[in-house]
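**Student:** Handing you a structure now.
Laboratory data are not the source of any read-out in this text; all were calculated from the coordinates shown. Quick caveat, the model's predicted, so the values are computed rather than measured. Neighbour counts run over all protein chains shown; Cβ positions are idealised from the backbone, glycine included.
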């Protein structure tokens, strides 16, 4: 394996739709990860066991994110010796895990976040789900969990949504949240590749991110704390990237901030905001309007689906310069002092966009004029994407569930 044919590797990467090279696992584990990608579970083998008791559906106007789960779930097991089992839709149930399972000790686990929307025409659609499948395979490679055919998982997820169609809110402000999850389940305490795994999918209705209208947030920017680092796993959607941020989020709340602006390095480069990608819309020193978001490099930035969508829209509009580049606190504070910053906002599945009005940095609140713009860019992005998601505007990004 020391001299793997480069053409073969490229073809394998294309086949499995991974976003990053397979260099993370080391030679022996590359063999393991690649061999796992040669087989997959199949939608045609899907087994369905329906619940005999269905729970009443919650009021869409009282939904809280992540509190409600539907009646059923999807699951499929994997074993090194036997490969993938048959996917199953079953009544929602607790998992039975050995206390030595690798997911519980070494965070050998990953997840995705996506949504299904009931459009104004009554049809249920997914927003760019193939991007989530690619990213999930990439995260699996980072954990040395087996790859799978994302199209097969997507077909299984669609079937789960059809089974749970009554859980998709009849609302143009709510949606059905989908949480694919993949964990290493082998009960051994060695820090090694897991020879057993479980992929499962939960779904549940969620309300609007802004139940009383879009509200701007205040960020805590403290270079003492970092979310990710070069060569790390920040570009993968692993639970281990999120747990350690909770204490910093609590610290931000104690200072009157709703989110954390994650900085990195001596130059204090902006990386992400909370669990979202960050965008800065400003007039640069050449007098051009420019939309800036950190580039996907060094494994610092999660390749968000909403991030990609906003960039593609901005490039297509051609109304201002669009840059994927580094931006640090020095450049940002200078632009704020010179009144050149127009907007700052986060972007992600939960909220689409999240406007920023203040940043707490070095003991001082920096005012950001995001909400002062008459025809804001973040508002335009929000309107365009939600029009697509709820069927008010046809789009190739939307995938029918039926």
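**Student:** Report the Cα centroid-to-centroid distance between segment 342-383 and segment 152-215 in angstrom, as an integer.
**Tutor:** Cα centroid of segment 342-383 versus Cα centroid of segment 152-215: 28 Å apart.
**Student:** Suppose only helical runs count, i.e. DSSP H with n ≥ 4. What mean residue ellipticity at 222 nm does that imply for the chain under -39500 (n - 2.57) per run, divided by all residues and rounded to the nearest 500 deg cm²/dmol? Before the final figure, lay out each step's value.
**Tutor:** Working: 9 runs with 99 residues, N = 402.
After summing the helix terms and dividing by the residues of the chain, the value is -7500 deg cm²/dmol.
**Student:** How far is helix 305-317 tilted off the main Cα axis of the chain, in degrees rounded to 10, range 0 to 90?
**Tutor:** With rounding to tens, the tilt is 50 degrees.
**Student:** Moving on. What is the order of 90, 386, fewest Cβ neighbours within 10 Å to most?
**Tutor:** Numbers: 90 15, 386 18.
Starting with the residue having the fewest Cβ neighbours, the order is 90, 386.
**Student:** If each residue of separation counts as 0.36 nm, what is the full-extension length gain between residue 96 and residue 337 once their alpha-carbon separation is subtracted?
**Tutor:** Value of the extension gain: 81.1 nm.
**Student:** How far is helix 150-163 tilted off the main Cα axis of the chain, in degrees rounded to 10, range 0 to 90?
**Tutor:** 90 degrees
**Student:** Given axes a ≥ b ≥ c from the Cα gyration tensor, I'd like to know whether segment 282-338 is rounded (a/c under 1.5), prolate (a/b larger than b/c) or oblate. Can you show the working numbers first?
**Tutor:** Working: a/c = 2.69, a/b = 1.22, b/c = 2.20.
Oblate, because a/c is 1.5 or more while a/b does not exceed b/c.
**Student:** A further question on this structure: Is the shape of segment 164-280 rounded, prolate or oblate, going by the alpha carbon gyration tensor and its root eigenvalues a ≥ b ≥ c, with a/c under 1.5 for rounded and a/b larger than b/c for prolate?
**Tutor:** Verdict is oblate for segment 164-280.
**Student:** Among the DSSP beta bridges whose two residues both lie in the chain, what percent are antiparallel, rounded to the nearest 5? Walk me through the numbers on the way to the answer.
**Tutor:** On the way: 61 of 74 bridges.
Percent antiparallel among DSSP bridges in the chain is about 80.
**Student:** Only bridges with both residues in segment 217-394 count here: give the DSSP antiparallel percent, nearest 5.
**Tutor:** Working: 25 of 36 bridges.
So the antiparallel bridges in segment 217-394 amount to around 70 percent.
**Student:** Here's something else I'd like to know. Take residue 51 and residue 392, extend 7 Å from each Cα along the Cα→Cβ direction, and tell me the distance between the two endpoints in nm.
**Tutor:** Taking the simple label geometry, residue 51 and residue 392 are separated by 3.2 nm.
**Student:** For segment 217-394, what class follows from the C-alpha gyration tensor (a ≥ b ≥ c being the square roots of its eigenvalues): rounded when a/c is under 1.5, otherwise prolate if a/b is larger than b/c, else oblate?
**Tutor:** On the way: a/c = 1.45, a/b = 1.18, b/c = 1.23.
Verdict is rounded for segment 217-394.
**Student:** Arrange the following residues from fewest to most other Cβ atoms within 10 Å of their Cβ: 57, 237. Display every interim value, and only then the final one.
**Tutor:** Details: 57 15, 237 24.
Ranking 57, 237 by Cβ neighbours within 10 Å, fewest first, gives 57, 237.
**Student:** While we're here: Report, to the nearest 10°, how far helix 377-389 tilts away from the longest principal axis of the Cα atoms in the chain, using its own Cα long axis and a range of 0 to 90°.
**Tutor:** Computed tilt is about 30 degrees.
**Student:** Follow-up question, since we're still on this one. Provide the percentage of antiparallel DSSP beta bridges, counting only those with both residues in segment 239-333; round to the nearest 5. Provide the component values of the computation, followed by the final result.
**Tutor:** On the way: 11 of 15 bridges.
So the antiparallel bridges in segment 239-333 amount to around 75 percent.
**Student:** Taking the beta-carbon count within 10 Å as an exposure proxy, list 298, 59 from fewest neighbours to most. Spell out each step's value before the answer.
**Tutor:** On the way: 298 18, 59 10.
So the residues, fewest neighbours to most, are 59, 298.
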